[in-house]
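Structure, as structure tokens:
The values are calculated or read from the model by the stated rules, or taken from the named source; none is laboratory data. Nothing here was measured: the structure is a model prediction, and the numbers come from that model. Reconstructed Cβ throughout: ideal geometry from the backbone, glycine too, with neighbour counts over all protein chains shown.
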Amino acid sequence: MNSRPNQNIAALLGFFIAPLGFLYVARLWQAVVYIILALGVTGTYIYYLHHPPYWDAILVLCSAFVCSTYIYRLAKHYPDDKPRPHYSRWYGLLGCALGYALIALLIRSFGLEPYHIPSGSMQPTLPVGSYIVTSKWGYGHYGSYGITLARRPLSQSPNRGDIVVYERPSTPDLRFVSRIIGLPGDRISYRDYTLTLNGQTVALEDKGTLAVDWSQAFSHKLEKLPGQYHDIQFSSEIPTVQTTLSAATVQGCTIANNGIDCTIPSGNYFVMGDNRSQSADSRIWGFLPADNIVAKVIHIIP
């Protein structure tokens, strides 16, 4: 007895998990093609269309309905005398699902992991609601979905100007994103929105203003770190002392003349958000230990 596929089960799998639906009706290559097309369409859609309102939900629902209907018809017309392969049985489907979940976990844990940006601390570089893709290999925090697979010392040193995902020493369960401004041994001074690095003032090129909201405009500058240029923003209506008062208690830093002066100890980094007026960073809570760096940002999806 070949146990023909149940049409209702086929329709449900087709609607919620289309690849498993194709496997259930013994269409292995169609499952593979569906996964490839889905990844390609999703990547193109996110990269080029930047999440138009409601379109993503409509696209997903239409695709689910078409797949469900098609897979239902495949189950309905499945030949009585055609043997069902092992991968279409319940244990084969379960194995495929677990294998896919394991591959996804390993990729996100050791390779590439996406993050959503909910705040404006890295504006204008990372707009609120944007997505980033990070590289995790070499940074020692291997895990995803709240699962830790391994912890190793940092084996890949970040460069000045890199945007990194990290855990603050005081809140290890939360992830933040900032730009590395100072390396171990650097002398940092930040005063009146002017950065001095090892005695040299970092040049700023004016790029006009940014209308962040209806009530406030931010100055838009190009900050020229050695070997790396990037955009920053700040508002003169927000005094810099508000972002540096807490640093009086940070070892190696002093507050003077409405600014902060620090010497970065070995094994630590100084990070700041590109939104210099609205970022809780090393000016507030101190230096970032190397072992707290989780990943490096390699791609930004606006």
Worksheet entry | One residue from LEU174, LEU126 being within 16 Å of the chain's Cα centre (by Cα) and surrounded by fewer than 13 Cβ atoms within 10 Å (Cβ to Cβ) | LEU174
Practice prompt. Could you tell me whether any residue of region 99-112 is closer than 19 Å to LEU28 by Cβ and surrounded by 13 or more Cβ atoms within 10 Å (Cβ to Cβ)?
Written response: yes
Discussion item. Just to verify a result, which residue in region 237-261, among those that are closer than 28 Å to LEU210 by Cβ and assigned to a strand (DSSP E or B), is modelled with the highest pLDDT?
Written reply: ILE260
Discussion item. Residue under question is GLY140, and the condition is that it be farther than 30 Å from LEU28 by Cβ, touching a residue at least 24 places away in the same chain (Cβ under 8 Å) and either surrounded by fewer than 16 Cβ atoms within 10 Å (Cβ to Cβ) or over 15 Å from the mean Cα position of the chain (by Cα) (or both); does it hold?
Written reply: yes
Response to the item:
Within region 165-179, the residues that are among the hydroxyl-bearing types (Ser, Thr, Tyr) and not in a strand (DSSP E or B) are SER170
Discussion item. Being modelled with pLDDT of 95 or more and in the same structural domain as ASN159 (by TED's automatic domain parsing) is the requirement here; does ILE293 meet it?
Written reply: yes
Worksheet item: Scanning for something among the aliphatic types (A, V, I, L, M), part of a helix (DSSP H, G or I), within 22 Å of TYR100 (Cβ to Cβ) and modelled with pLDDT of 75 or more, does region 42-52 turn up at least one residue?
Response: no
Practice prompt. Please determine, by comparing only the residues of region 258-294 that are small (Gly, Ala, Ser) and under 22 Å from the mean Cα position of the chain (by Cα), which one is nearest to GLY182 (Cα to Cα).
Written response: SER282
Worksheet item: Counting only residues that are more than 11 Å from ALA75 (Cα to Cα), hydrophobic (A, V, I, L, M, F, W, C) and surrounded by fewer than 24 Cβ atoms within 10 Å (Cβ to Cβ), how many does region 10-22 have?
Response: 6
Fill in: Residues satisfying the stated conditions in region 275-290, i.e. modelled with pLDDT under 90 and aliphatic (A, V, I, L, M)
ALA280, ILE284
